[in-house]
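K.L.:
Quick one: the structure is below, questions incoming.
The values are calculated or read from the model by the stated rules, or taken from the named source; none is laboratory data. Note that the structure is predicted; figures quoted are calculated from it, not measured. Glycine gets a Cβ as well: all are built from the backbone with ideal geometry, and neighbour counts include every protein chain shown.
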Amino acid sequence: MPEDKWTSDEMMTIAASRLLKDGDICFVGIGLPSAAANLARATHAPDVVLIYESGTIGAKPDVLPLSIGDGELAETADVVVSTPEIFRYWLQGGRVDVGFLGAAQLDRFGNINTTVIGDYHSPKVRLPGAGGAPEIAACAGEVFVILRQSPRTFVDKLAFVTSAGHADGGNWRNDAGLPGKGPTAVITDIGILRPQPESRELVMTDLHPGFSMADAEAATGWPLQRAATCVESPPPNVEELGALRDLIGRTARAHAHG
Amino acid sequence: MADITTLEEAVADLIQDGDTVAMEGFTHLIPHAAGHQVIRAGKKNLTAVRMTPDLIYDQLIGMNCVKKLIFSWGGNPGVGSLHRFRDAVQNDWPAPMEIQEHSHADIANAYVAGASGLPFAVLRGYVGCDLPKVNPMIKAITCPFTGEQLAAVPAIRPDVTVIHAQQVDRRGNVMMWGITGVQKEAVMAAKRTIVTVEEIVDSFDIKANSVILPRWVIDAVCLEPGGAYPSYALGYYDRDNSFYKSWDGISRERDGFTAWMNRHVLGTASFAEYSESVAAAQVKEAVGA
């Protein structure tokens, strides 16, 4: 078992970081997306441009921010712009290559719920809500989603669609006139899912070392399909694992003082 | 024209029960001192507008100041839930609270419309999303030139906007820098404005990304050093991440929350006294008393 060498969370973050290309303009959410994007910046993609919705463009934090607007993001940014500007000129204006999001729940077409579990008007669990995600999902060139895979998170039917992925599949995005391609990859602790070219249903295209298709099926609330071309993810290399642990360690030390 | 006055006077004079009040600050420069003063003054039935309700609105909601919340993301950043917000929405405690929910891009645009004197804002948003199904204030509009379907939302025009900034000069002009969020738009959209500041200076040493609000768009400026704590003021102090984490425990249960607010907020007369009270409690806790 690889678990003595790395954790499934580390594998998830490393697999996600690999998808970002050097020079990508990435609108990044707080938490897991921010960890993956900063790992990419620390390894193979030093010139990835990180945009946080607080208006910080080209932020280069040394440690992972706890909030979307930590001081270090502003101090290391190329430029800091207002909230209306970040959403109007930079996101809606089409300047973002990749939107990198987390989610509480996701369905087979990559639609995301971060609003509520249960009925909206008498919720079982009230979640934080939309934030910037609906327009990131609509307007970024493509969208990566990162979240842990379990029957509670990978559900057959969402209680609420906060941010649209591929809606009910097929050419919906194109027909609806959305500028971006929508979710092109969903990275989990088990592997990576990508939409099938025609139906846009998410299928397992990569399995991380130590995980089987049966593991993925057991963690998914819909009948999950395996892509014919499904591959095993390359294990974390020494550089990736070292850089990630350095980043997490620096972050823990910095926030312990905060 | 800006009066340099006390926060107690500004809140008493400019915020009325039932007003629509926006307190903005995107992680940075959140006007916590002003939020506390609204609670001390016992303001009621407010329609509270804020993109990220955060701890400041968790406190206002739990102390029953808010009748309706207009927002786009209600969490404790980097920590998890806002327990008082959740308790109000899920269990009607301390009272039923109406919510009107949007996205960040929507509210940012709605403030721009308010500041611009327009009745509504337009954006490319919400396609395929459920929020328009539960919020009748989000409507579709057809572009008269291209035929594209876009989202329209009403302008936000607060009765009062409250913000925190780094500096005021002797004449009452205000300067902030770093992450400045929607504060300029929220001020320009409002009928009345209160600004708390870290410091009074003779003249401004203009920083990168500075936003300057001339004194004649502001009604009251109040000197409240540390008034954004536990958020931060760039150039003055850092965000107290540990307080955000500890708020999770303080706010989790109704009784614990109420006791904490009674002791530290209602039991003090100013934000300076509040800060001393919290610091003293932390020292006691640290030595195990």
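K.L.:
Based on what the data block shows, is A:F100 under 19 Å from the mean Cα position of the chain (by Cα) and closer than 23 Å to A:E10 by Cβ?
P.N.:
Against the criterion (under 19 Å from the mean Cα position of the chain (by Cα) and closer than 23 Å to A:E10 by Cβ), A:F100 qualifies.
K.L.:
Among the residues of the range A:170-192 satisfying the criterion of being surrounded by fewer than 18 Cβ atoms within 10 Å (Cβ to Cβ) and in a loop (DSSP other than H, G, I, E, B), which is nearest to the chain's Cα centre (by Cα)?
P.N.:
A:K181
K.L.:
So which residues in the range A:124-147 are within 10 Å of another protein chain (Cβ to nearest Cβ), in contact with a helix residue (DSSP H, G or I) (Cβ under 6 Å, 6 or more places away or on another chain) and without any contact (Cβ under 8 Å) to a residue 60 or more places away in the chain?
P.N.:
Restricting attention to the range A:124-147, the residues satisfying the condition of being within 10 Å of another protein chain (Cβ to nearest Cβ) are A:124-139.
Okay, now just the ones that are also in contact with a helix residue (DSSP H, G or I) (Cβ under 6 Å, 6 or more places away or on another chain), so A:126, A:131-132, A:135, A:139.
Scanning the range A:124-147 gives A:R126, A:E135, A:C139.
K.L.:
Read through the list (1) exposed (fewer than 15 other Cβ atoms within 10 Å of the Cβ); (2) within 17 Å of A:R194 (Cα to Cα), then give the number of the only condition that A:T205 fails.
P.N.:
(1) is the only condition that A:T205 fails.
K.L.:
Return the total of residues in the range A:29-51 being part of a helix (DSSP H, G or I) and under 17 Å from A:D97 (Cβ atoms).
P.N.:
Matching residues across the range A:29-51 total 7.
K.L.:
Now a separate question. Do we have any residue at all in the range B:95-111 that's under 30 Å from A:P65 (Cα atoms), out of contact with any Lys or Arg (no Cβ under 7 Å at 6 or more places or on another chain) and assigned to a loop (DSSP other than H, G, I, E, B)?
P.N.:
Looking through the range B:95-111, at least one residue is under 30 Å from A:P65 (Cα atoms), out of contact with any Lys or Arg (no Cβ under 7 Å at 6 or more places or on another chain) and assigned to a loop (DSSP other than H, G, I, E, B).
K.L.:
May I ask you to list pairs of residues, at least six apart or on different chains, whose Cβ atoms are under 9 Å apart, with the first in the range A:91-114 being within 11 Å of another protein chain (Cβ to nearest Cβ) and assigned to a loop (DSSP other than H, G, I, E, B) and the second being of a type in the set (F, W, Y) and surrounded by fewer than 24 Cβ atoms within 10 Å (Cβ to Cβ)?
P.N.:
A:F109/A:W172
K.L.:
Has the range B:127-144 got at least one residue that is within 14 Å of chain A (Cβ to nearest Cβ) and closer than 21 Å to B:I212 by Cβ?
P.N.:
Taking every residue of the range B:127-144 in turn, none turns out to be within 14 Å of chain A (Cβ to nearest Cβ) and closer than 21 Å to B:I212 by Cβ.
K.L.:
While we're on this one: Within the range A:84-94, identify whether any single residue is over 19 Å from B:L123 (Cβ atoms) and not polar (S, T, N, Q), and answer yes or no.
P.N.:
Checked the range A:84-94: no residue is over 19 Å from B:L123 (Cβ atoms) and not polar (S, T, N, Q).
K.L.:
Give me the strands (runs of 3 or more DSSP E) completely within the range B:125-244, filtered to those with at least 1 residues that are modelled with pLDDT under 95, ordered by residue number.
P.N.:
Working: elements: B:139-142, B:149-154, B:160-169, B:174-176, B:192-201, B:211-213, B:220-223.
Filter on the range B:125-244 gives B:149-154.
K.L.:
Name the single residue that is surrounded by the fewest Cβ atoms within 10 Å (Cβ to Cβ) among those in the range B:76-88 being of a type in the set (A, V, I, L, M) and modelled with pLDDT of 95 or more.
P.N.:
Applying the first criterion (of a type in the set (A, V, I, L, M)) to the range B:76-88 yields B:79, B:82, B:88.
So of that shortlist, the ones also modelled with pLDDT of 95 or more come out as B:82, B:88.
Details: B:L82: 28, B:A88: 24.
Here the residue is B:A88.
K.L.:
Within the range A:151-179, take every residue that is more than 9 Å from chain B (Cβ to nearest Cβ) and free of Cβ contacts under 8 Å to residues at least 40 places away in the same chain and give me the one that is farthest from A:P197 (Cα to Cα).
P.N.:
Among those that are more than 9 Å from chain B (Cβ to nearest Cβ) and free of Cβ contacts under 8 Å to residues at least 40 places away in the same chain, it is A:D175.
K.L.:
Mind listing just one residue for me: the one in the range B:216-245 that is among the aliphatic types (A, V, I, L, M) and facing chain A (nearest Cβ under 10 Å) and, of those, surrounded by the most Cβ atoms within 10 Å (Cβ to Cβ)?
P.N.:
B:A233
K.L.:
In this structure, does B:G35 turn out to be buried (at least 24 other Cβ atoms within 10 Å of the Cβ) and without any contact (Cβ under 8 Å) to a residue 24 or more places away in the chain?
P.N.:
Against the criterion (buried (at least 24 other Cβ atoms within 10 Å of the Cβ) and without any contact (Cβ under 8 Å) to a residue 24 or more places away in the chain), B:G35 does not qualify.
K.L.:
Quick check: anything in the range B:191-211 farther than 26 Å from A:A254 by Cα, assigned by TED's automatic domain parsing to the domain that holds B:E24, surrounded by fewer than 16 Cβ atoms within 10 Å (Cβ to Cβ) and under 18 Å from the mean Cα position of the chain (by Cα)?
P.N.:
Yes, that holds for at least one residue.
K.L.:
Collect the residues in the range A:36-61 that are touching a residue at least 60 places away in the same chain (Cβ under 8 Å) and surrounded by fewer than 24 Cβ atoms within 10 Å (Cβ to Cβ), keeping them in residue-number order.
P.N.:
A:A42, A:T43 - these are the residues of the range A:36-61 that are touching a residue at least 60 places away in the same chain (Cβ under 8 Å) and surrounded by fewer than 24 Cβ atoms within 10 Å (Cβ to Cβ).
K.L.:
Which residue, of B:R171, B:R157, B:R124, is more than 14 Å from chain A (Cβ to nearest Cβ) and more than 18 Å from the chain's Cα centre (by Cα)?
P.N.:
Of B:R171, B:R157, B:R124, the one residue that is more than 14 Å from chain A (Cβ to nearest Cβ) and more than 18 Å from the chain's Cα centre (by Cα) is B:R171.
K.L.:
Okay, next question. Restricting to the range A:1-14, and then to whatever is surrounded by fewer than 24 Cβ atoms within 10 Å (Cβ to Cβ) and not polar (S, T, N, Q), can you tell me which residue is modelled with the lowest pLDDT?
P.N.:
Start the filter on the range A:1-14 by keeping residues that are surrounded by fewer than 24 Cβ atoms within 10 Å (Cβ to Cβ), which leaves A:1-10.
Applying the additional criterion that residues be not polar (S, T, N, Q) yields A:1-6, A:9-10.
Values: A:M1: 41, A:P2: 51, A:E3: 55, A:D4: 71, A:K5: 92, A:W6: 96, A:D9: 97, A:E10: 98.
So, considering only residues that are surrounded by fewer than 24 Cβ atoms within 10 Å (Cβ to Cβ) and not polar (S, T, N, Q), the one modelled with the lowest pLDDT is A:M1.
K.L.:
Considering only residues that are among the β-branched types (V, I, T) and part of a helix (DSSP H, G or I), which ones fall in the range A:69-89?
P.N.:
A:T76, A:T83, A:I86
K.L.:
Regarding A:T162, is this residue crowded, with 21+ Cβ neighbours inside 10 Å, modelled with pLDDT of 95 or more, out of contact with any Ser or Thr (no Cβ under 8 Å at 6 or more places or on another chain) and not hydrophobic (A, V, I, L, M, F, W, C)?
P.N.:
Judged against the criteria, A:T162 is not a match.
K.L.:
Okay, next question. Residue pairs, Cβ under 6 Å, 6 or more apart or interchain, first in the range B:221-248 and within 13 Å of A:G71 (Cβ to Cβ), second surrounded by 22 or more Cβ atoms within 10 Å (Cβ to Cβ) and of a type in the set (K, R). List them.
P.N.:
Final answer for the pair search is B:S231/B:R239; B:Y232/B:R239.
K.L.:
Residue by residue through the range A:226-258, note down the ones that are within 14 Å of chain B (Cβ to nearest Cβ) and surrounded by 13 or more Cβ atoms within 10 Å (Cβ to Cβ).
P.N.:
A:T251, A:A254, A:H255, A:G258
K.L.:
Collect the residues in the range B:19-71 that are more than 13 Å from chain A (Cβ to nearest Cβ) and on the phi > 0 side of the Ramachandran plot, keeping them in residue-number order.
P.N.:
Listed by number, the residues that qualify are B:G42, B:N45, B:N64.
K.L.:
Checking the conditions here, which among B:A186, B:A151 is touching a Lys or Arg at 6+ places or on another chain (Cβ under 8 Å), under 18 Å from B:A108 (Cα atoms), within 14 Å of chain A (Cβ to nearest Cβ) and not acidic (D, E)?
P.N.:
Working: B:A186 fails: touching a Lys or Arg at 6+ places or on another chain (Cβ under 8 Å).
When all the criteria are applied, what remains is B:A151.
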